[in-house]
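Structure first, then comments.
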Amino acid sequence: MTGLNWRERRHRWDTRYAPYAYIAPYFLLFSVFGLFPLLYTAWVSMQDRNLLDGDAATFIGLDNYVQLLTADPYFWNAMGNTLSLWLLTTVPQILFALGIAQLLNRRLRGRTFFRMGVLLPNITSVAAVTIIFAQLFGRDFGLVNWGLELFGAGRVDWQAGTGSSHTAIAAMVVWRWTGYHALIFLASMQAIPSTVYEAARLDGANAWQQFWRITVPMLRPQIIFSTVIATAGNMRLLAEPLLFNPGAAAATGGSDRQFQTAALYLYEQGFAKFDFGYASAIAWLLLIATIAITGLSYLAARRIRTD
């Protein structure tokens, strides 16, 4: 009887506590490599601290945040560039991914080859992609300017202007990540029952109407997911603007800071000027802005019609 009671207690313990034991490694790793750095960054953001001399740090409270929000035009310039690039990258990514997924969902020869091909940009090194695109958008010998001259347009100094530099950087991001989202949409499209389209065709709906009235609304959860993921990534652009203008002034994002993002400004303050406290304050404000923009993107994506 005692052995039976012990087995019953062990079974109840296993049923009640085993799930927590299964997920404990994740929370342990997150606490060490995620939560602790986050809290430590918040503590450092309230210090006047040099990256090369941490022992000389002094507590200054919220002075770094006050300086950023009220007396630092470079920070607001970087945030403006970040929001601009977010719009130029997130919206085209989703639209192009939907179009590519729709094409790959058709009966094409070599569909497997094309489905694998759209993922190749995503697994390519971001440094290699940026260097190649920087050459393509070169002022004197760039392939893009060569194509513009063929159609009678003049050359563009893609790094000099705000709009031109944002367009070039957005092209890198869109090219690299569109295939990733396209495969997510494609997998979901294949789960839509064919009977739904057959009923729509009987009702007289053409291919365009079927796409917007059936496919897109039924992909709403995937569109929300991709929008959130794209927003979180595009709000933290660093490698693309950093390598777009390599050299001694790479961290400033151009001669007039025309394509310096918030993440690049953080890099400049923390690893070029070694102002670790100020850089940590930028990191926290960028985190708050990313959460806010991601939330707005989520709410906007949820407004997709489902009727």
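The values are calculated or read from the model by the stated rules, or taken from the named source; none is laboratory data. Fair warning: this is a prediction, and the values are worked out from it, not measured in the lab. Note that each Cβ is placed from the backbone with ideal geometry, even for glycine, and that neighbours are counted across all protein chains shown. Please note that ligands, DNA and RNA were not included when accessible areas were found on the heavy atoms of the full protein model with its side chains. Shrake-Rupley method; radii C 1.70, N 1.55, O 1.52, S 1.80 Å.
Would you mind stating whether Q210 is of a type outside the set (A, V, I, L, M) and under 17 Å from the mean Cα position of the chain (by Cα)? Quick ask: steps written out before the conclusion?
Details: of a type outside the set (A, V, I, L, M): yes; under 17 Å from the mean Cα position of the chain (by Cα): no.
So Q210 does not fit the description; no.
Criterion first (open to solvent by 50 Å² or more (accessible area, probe 1.4 Å), touching a residue at least 24 places away in the same chain (Cβ under 8 Å) and either among the acidic types (D, E) or in contact with a Ser or Thr (Cβ under 8 Å, 6 or more places away or on another chain) (or both)) does M218 satisfy it? Working first, answer last.
Working: open to solvent by 50 Å² or more (accessible area, probe 1.4 Å): yes; touching a residue at least 24 places away in the same chain (Cβ under 8 Å): yes; either among the acidic types (D, E) or in contact with a Ser or Thr (Cβ under 8 Å, 6 or more places away or on another chain) (or both): yes.
When the stated conditions are applied, M218 passes them.
Report, by residue number, each residue of region 101-114 that is open to solvent by 40 Å² or more (accessible area, probe 1.4 Å), in contact with a Leu (Cβ under 8 Å, 6 or more places away or on another chain) and assigned to a helix (DSSP H, G or I).
Of everything in region 101-114, those that are open to solvent by 40 Å² or more (accessible area, probe 1.4 Å), in contact with a Leu (Cβ under 8 Å, 6 or more places away or on another chain) and assigned to a helix (DSSP H, G or I) turn out to be R111, F114.
If you take just the helices (runs of 4 or more DSSP H) that sit entirely in region 115-158, which of them hold at least 1 residues that are open to solvent by 60 Å² or more (accessible area, probe 1.4 Å) and touching a residue at least 60 places away in the same chain (Cβ under 8 Å)?
Details: elements: 120-123, 126-136, 143-150.
The helices (runs of 4 or more DSSP H) meeting that bar are 126-136.
Hey, I229 hits all of (1) open to solvent by less than 20 Å² (accessible area, probe 1.4 Å); (2) in a helix (DSSP H, G or I); (3) closer than 22 Å to T294 by Cβ; (4) of a type outside the set (G, A, S) but one; which does it fall short on?
Exception for I229: condition (1).
Where residues in region 181-192 are part of a helix (DSSP H, G or I), in contact (Cβ under 8 Å) with a residue 40 or more places away in the chain and open to solvent by 20 Å² or more (accessible area, probe 1.4 Å), which of them is nearest to T112 (Cα to Cα)? Before you say what the answer is, go through the steps one by one.
The first filter runs over region 181-192 and keeps only residues part of a helix (DSSP H, G or I), leaving 181-189.
Subsequent filtering for residues that are in contact (Cβ under 8 Å) with a residue 40 or more places away in the chain retains 181-186, 189.
Checking the rest, the ones that are also open to solvent by 20 Å² or more (accessible area, probe 1.4 Å) come to 183-184.
Details: L183: 12, I184: 15 Å.
The residue in question is L183.
Within region 163-180, does at least one residue satisfy the condition of being in contact with a Gly (Cβ under 8 Å, 6 or more places away or on another chain), over 22 Å from V91 (Cα atoms) and buried (at least 17 other Cβ atoms within 10 Å of the Cβ)?
Checking region 163-180: not a single residue is in contact with a Gly (Cβ under 8 Å, 6 or more places away or on another chain), over 22 Å from V91 (Cα atoms) and buried (at least 17 other Cβ atoms within 10 Å of the Cβ).
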